[in-house]
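The values are calculated or read from the model by the stated rules, or taken from the named source; none is laboratory data. Please read these numbers as outputs of a predicted model, since none were measured by experiment. Ligands, DNA and RNA are stripped out before the accessible areas are found, and what is left, the full protein with its side chains, is counted by its heavy atoms. Shrake-Rupley method; radii C 1.70, N 1.55, O 1.52, S 1.80 Å.
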Amino acid sequence: METFGLLGFLLATLAFIQITIMNRKIKDLEKRIGSRPIELSTEEQQHVKELKMQKQTVQAVKFVREKSGASLIEAKQYVDSL
């Protein structure tokens, strides 16, 4: 009976390890493909809008990238959408 308990524990441990590895891979893929939404505070969004109104798109994109960790394309699309 102890063998089945040990076997169950080992299988549960392996399952946990596999899930942990898969979650890490998913997060890495999300970073690469940019499936995460860009989240900025209200003040940060207002700052980006002001930069855009002043025709400082490059600075706005740079600001979004610094604050959110977004890729260049994601940040540009975000700024363009405002």
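Close lysine pairs were tallied over the chain: pairs 8 or more places apart or on different chains with Cα atoms under 28 Å apart number 21. Averaged per residue, the chain has 83 square angstrom of accessible surface, using a 1.4 angstrom probe with ligands and nucleic acids left out. Using Rg/Rh (Cα atoms, Kirkwood Rh) as the read-out, say which of (1) 1.01; (2) 1.39; (3) 0.96 was calculated from these coordinates. Entry (2). Expressed as a whole percent, the accessible area of the chain that falls on carbon and sulfur atoms is 61 (1.4 Å probe). To the nearest ten degrees, helix 2-33 and the longest principal axis of the Cα atoms of the chain are 20 degrees apart.
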